[in-house]
Each structure stands twice: as C-alpha cells, then as structure tokens.
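First the structure, then my questions, so here it is.
The values are calculated or read from the model by the stated rules, or taken from the named source; none is laboratory data. This is a predicted model, so every value here is computed, not measured. Please note: Cβ atoms are built from the backbone with ideal geometry, for glycine as well, and neighbour counts cover all protein chains shown.
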Amino acid sequence: MPSIPDHEAAIASAPYVRHRRTHRSRSGPRARVLQLLAAGGNGGAQESYSGLLLRLDRRRYEVHALSLSRGAAVQRLERLGIEVSVIDAVDDETAIRELAAYLRRHEIDLLHAHMYRAEVVGTRAALAADTPVIVATVHSSRVRSAADVATLATLTSRIDRLIVPSASIAAKVHREGRGVAPFTVVPNGVDLSRFSLPLPASRLRADCNIPADAFLLGTVARLEPEKGHRYLVAAMPAIVAACPDAYLVIVGEGSLSEELRAQAWELPAPTRDRVIFTGRREDISALTAELAVAVAPSLREAQGISLLEAMARGKPVVASAVGGIPEVVTDGRDGLLVPPADPAALASAITQLARDPGLRRHMGERGRAAVAERFSIEAMVRRVEAVYDEELLRSGAAAPIRTARRVKPSAPRATRTPHDRAALEVPPV
C-alpha cells in the first residue's frame, strides 16, 4: 500500500520564498500585518498600541498581535476579544528565532514594532524571515545607553519607516544617529467617543476620604524618575498654603512608590494627609472627570497620552515644558507650561488656576477642541494606515487596495543586500 505523502511536513521544511502567495489572489489580498509589542504592561506605548490594534481596517489588513511579555495590556486586549500571541523568552536570541518562525508561518507582509526590545528583536527576526516591510514606532523619550544606541543605529538602516509621535522624538532619533531611515510624525490619539458617553460613577473621593468640595489635583503616570513626581510632592506645601482645600491624587505604580510615599509622609501637617497614592486604577476616565487640574511634572516625555485624555475631558493642565508636551499644550491657552524640576513654578501655576474658575473653564474648553482637531485616535490610525499602504505598495508585498497617501520621507531609503544583512540574521528554525 503506497504511503500517504506528508504534505504539511513538506511545506514546513521547504525554504521560505519572499512574497510566496500560492494560496492568495493578488487581485485583492488583505495585507498581513503583525503588531509587535515589547512589554505587555501599562504605559503610553501600550495605550497607543492597543488603540491602533483595535481600529486597523480589517477589510484591508489581516491583523495579528504578539507581545514579548505578558501583562495588563495583553490581558485587557484578550478581554476585548483580541487574540494576542506571547513569546515570553527572556533571551533575545531565543525570542528572535521564535518570532522569525512565527513570521514565516503566518506569511507576515509587514511587521510594526513598538518599543525598544520589539525594535531589536522584531527587526532581526523580520530580516531572518525576509518579511517584506519593517516599521517601528519610537514611543519613548528615554535616554539610552551607548550600547543600546549603537544597536539601534546598526538596525535602523534595515527599517523601512520609523514612526515618531512628536517632532521632539524625531530630533532625538536624529541625535542618536538614526536619521538614515525615513520617518513620519504621527501624533498619538485618544478615543474621543469615550468622552461623549455618560460618565460612570467614580468612587475615588469615597475610597480616599476626599471631601466632595475639595480642589482636586491629579497626575496619572508610572511612578518612575522621569515622570517628576517628587517635584509635585515638594510643591504641595505651597499649594495647600494658597489653597487650603487642595488634595493631590497620584495614580499609578512603579519603582519609586515607597520613596514617594516616604517623601509625602515627611511633609508638614496638614499637607502630608493631602497627598494620596491610589496605586493602579481601572476607572481612569471617571477619575479624570473628578479633577480640577491635571498635572504632568515630567522631566522628559515623548508626548503625554494622559495629558491628551485630560484635555479631551475638558480639564486644564499644568505640565513641564519638555519633550513633546509643548506640541500638545499651548501655554496660556489650554494649559500652563512650567520649567521641569521646579516645585515653585508648579505651585505658582496650580495656584493661579485654583484661584480662577473662569480660567480653568476656558482652558478646559480650548483643550477639548485642540484634541478633537489634532489628536483623535481616528486621525492617528489613518496616518499609520497611509504609511502601511505606501510601504506595502513600494515593496510589492501587496496589490494596491486604494491610492496610498504619499508621506515624504526625511532621508534616502537604504537598500537591503544579502551581504550587509548577514550579521543581523538568525538562521532559520
């Protein structure tokens, strides 16, 4: 009796050929796009990743999601019905091999990497798998080590397009020697529909024993050094002296949790009782609606999604004039900008708003209008899709679905050759 051929084994062992589409029609295929996230925890990058993943046009793209670790963002997406694969390998070489196998198995046309490790692992895996298009979003304003910068500079010439959320991050990319890659500025966006819905009830004041008529300040950010919380805590005695009913809620988790709590406890009474750490909260939208002023005392910031959400809720903001924040907040119009690491300036700006309800109202209205005009999630997704369309058409990985919006690159496109790629590739699994 003749043996039955093992077709699956034969296919699996066959060499991968770029743009192999034996089972798909070029008259109207959906491009296969992988959204690759470096870390599945909480943060602005994860918010941007989730917003994009949920809204990409499924009629035009077959969307896959993968994270290089588990975490709250992955769990939230799974609760929303989005399947997220996870490669939970600490070792980069192992992660690269597993991801390259995933890219070949699913015949991915375009890999979009989010955050540093996703750039490194994703780019090397995509080169090994000969994935036609590589896109990366630089979410962070973090100052990286010389070794990390060198790694990124080596890989950047192999990336087809960099996406940055602000002109400030574009300048950072150039300073790091990454100007060889074409880049496009795509500001982060917020889902405006969330802010037109009836507000859910917030238990913030009840949970934290905050009086109903208290003047409530708040900051929503990871408790990490670059977010500048300690300068806001240091500003609280002056704020309470000028506005005796002021309370501050600090929302988030991070490595400085114990240090910041100790700093607050050392403040004089009654100020020490007016600084409240909520930890992680799931009711951020309702909580933001409770604030009189949203504060972002950052030392560096790519753009500031929490600021956008506060502005969309119609809240005036006080923020450090660093990174991409001045591209979001217009000083004196929809918020007040202050120098970084300056408790006195923070206290002065917050006190100015505390004493002028009319100014708070006008700034909140202007902020809401600015977000609707410039920073909607729909605008962000359209701009990213335009990048996808252009790169997919350029590479020949997909047939035209519609006319791509041309986005002028900032630098000549590097040409890939097998020779200059060899050192970056991982042998097929």
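At pLDDT 95 or above and under 29 Å from ARG144 (Cα atoms): is that true of ALA262 in this structure?
When the stated conditions are applied, ALA262 passes them.
Something else now. Given (1) surrounded by fewer than 19 Cβ atoms within 10 Å (Cβ to Cβ); (2) more than 30 Å from GLU62 (Cβ to Cβ); (3) touching a residue at least 40 places away in the same chain (Cβ under 8 Å), identify the lone condition not met by ARG366.
ARG366 satisfies every listed condition except (3).
Here is a list of conditions, (1) modelled with pLDDT of 95 or more; (2) over 14 Å from the mean Cα position of the chain (by Cα), and ALA136 meets all of them except one; can you say which number that is?
Failing condition for ALA136: (2).
Could you tell me whether PRO357 is closer than 20 Å to PRO237 by Cα and surrounded by fewer than 16 Cβ atoms within 10 Å (Cβ to Cβ)? Break it down into steps so the answer makes sense when it comes.
Values: closer than 20 Å to PRO237 by Cα: no; surrounded by fewer than 16 Cβ atoms within 10 Å (Cβ to Cβ): yes.
For PRO357, the condition - closer than 20 Å to PRO237 by Cα and surrounded by fewer than 16 Cβ atoms within 10 Å (Cβ to Cβ) - is not met.
Condition check: in a helix (DSSP H, G or I), over 17 Å from the mean Cα position of the chain (by Cα), at pLDDT 90 or above and more than 30 Å from GLY367 (Cα to Cα). Does ARG117 satisfy that? Break it down into steps so the answer makes sense when it comes.
Details: in a helix (DSSP H, G or I): yes; over 17 Å from the mean Cα position of the chain (by Cα): no; at pLDDT 90 or above: yes; more than 30 Å from GLY367 (Cα to Cα): yes.
No; evaluated as a whole, the condition is false for this residue.
Against the condition out of contact with any Asp or Glu (no Cβ under 9 Å at 6 or more places or on another chain) and at pLDDT below 95, how does GLY71 come out, does it pass? First the steps, then the outcome.
Values: out of contact with any Asp or Glu (no Cβ under 9 Å at 6 or more places or on another chain): yes; at pLDDT below 95: yes.
Here the answer is yes, as GLY71 does meet what is asked.
Which one of these is farther than 25 Å from ARG158 by Cβ and not small (Gly, Ala, Ser): ARG59, ARG97? Show your work before the answer.
Numbers: ARG97 fails: farther than 25 Å from ARG158 by Cβ.
Criteria check complete, one pass: ARG59.
Now for a different question. Only one residue in ALA89, ALA39, ALA101 is free of Cβ contacts under 8 Å to residues at least 40 places away in the same chain, surrounded by fewer than 23 Cβ atoms within 10 Å (Cβ to Cβ) and not basic (Lys, Arg), so which one is that?
Numbers: ALA39 fails: free of Cβ contacts under 8 Å to residues at least 40 places away in the same chain; ALA101 fails: free of Cβ contacts under 8 Å to residues at least 40 places away in the same chain.
None of the others qualify; the one that does is ALA89.
Pull up segment 146-176, narrow it to residues that are basic (Lys, Arg) and surrounded by 15 or more Cβ atoms within 10 Å (Cβ to Cβ), then point me to the one that is nearest to GLN303 (Cα to Cα).
Taking segment 146-176 as the starting set, the residues that turn out to be basic (Lys, Arg) are 158, 161, 172, 175.
Okay, now just the ones that are also surrounded by 15 or more Cβ atoms within 10 Å (Cβ to Cβ), so 158, 161, 172.
Values: ARG158: 26, ARG161: 20, LYS172: 13 Å.
Going through the qualifying residues, I end up with LYS172.
Condition check: surrounded by fewer than 19 Cβ atoms within 10 Å (Cβ to Cβ) and either assigned by TED's automatic domain parsing to the domain that holds ARG272 or under 20 Å from the mean Cα position of the chain (by Cα) (or both). Does ALA221 satisfy that? Walk me through how you get there before you give the answer.
Numbers: surrounded by fewer than 19 Cβ atoms within 10 Å (Cβ to Cβ): no; either assigned by TED's automatic domain parsing to the domain that holds ARG272 or under 20 Å from the mean Cα position of the chain (by Cα) (or both): yes.
Considered against the rule, which asks whether it is surrounded by fewer than 19 Cβ atoms within 10 Å (Cβ to Cβ) and either assigned by TED's automatic domain parsing to the domain that holds ARG272 or under 20 Å from the mean Cα position of the chain (by Cα) (or both), ALA221 comes out as no.
I'd like to know if segment 274-284 contains one or more residues that are among the β-branched types (Val, Ile, Thr) and buried (at least 24 other Cβ atoms within 10 Å of the Cβ). Quick ask: steps written out before the conclusion?
Residues of segment 274-284 that are among the β-branched types (Val, Ile, Thr), as a first pass: 275-276, 278, 284.
Still in the running and buried (at least 24 other Cβ atoms within 10 Å of the Cβ): none.
No; the residues of segment 274-284 include none that is among the β-branched types (Val, Ile, Thr) and buried (at least 24 other Cβ atoms within 10 Å of the Cβ).
Continuing with the same structure: Sort out which residues of segment 304-326 are β-branched (Val, Ile, Thr) and surrounded by fewer than 24 Cβ atoms within 10 Å (Cβ to Cβ), and write them in order of number. Write out each step before concluding.
Here is the first cut: in segment 304-326, the residues β-branched (Val, Ile, Thr) are 305, 317-318, 322, 325.
If the condition is that a residue be β-branched (Val, Ile, Thr) and surrounded by fewer than 24 Cβ atoms within 10 Å (Cβ to Cβ), then VAL322 is the only one that fits.
Any residue in segment 176-187 that is within 25 Å of ALA146 (Cα to Cα) sitting within a Cβ distance under 7 Å of a residue that is of a type in the set (A, V, I, L, M, F, W, C) and in a loop (DSSP other than H, G, I, E, B)? List the pairs, counting only those 6 or more apart or interchain.
So the pair list comes out as GLY179/ALA411; VAL180/ALA411; VAL180/ALA414; ALA181/ILE159; ALA181/ALA411; PRO182/ALA411; THR184/VAL407.
Could you pull out the residue among MET311, MET380 that is part of a helix (DSSP H, G or I), at pLDDT 90 or above and in contact with a Leu (Cβ under 8 Å, 6 or more places away or on another chain)? Show your work before the answer.
Values: MET311 fails: in contact with a Leu (Cβ under 8 Å, 6 or more places away or on another chain).
Going through MET311, MET380 in turn, the sole match is MET380.
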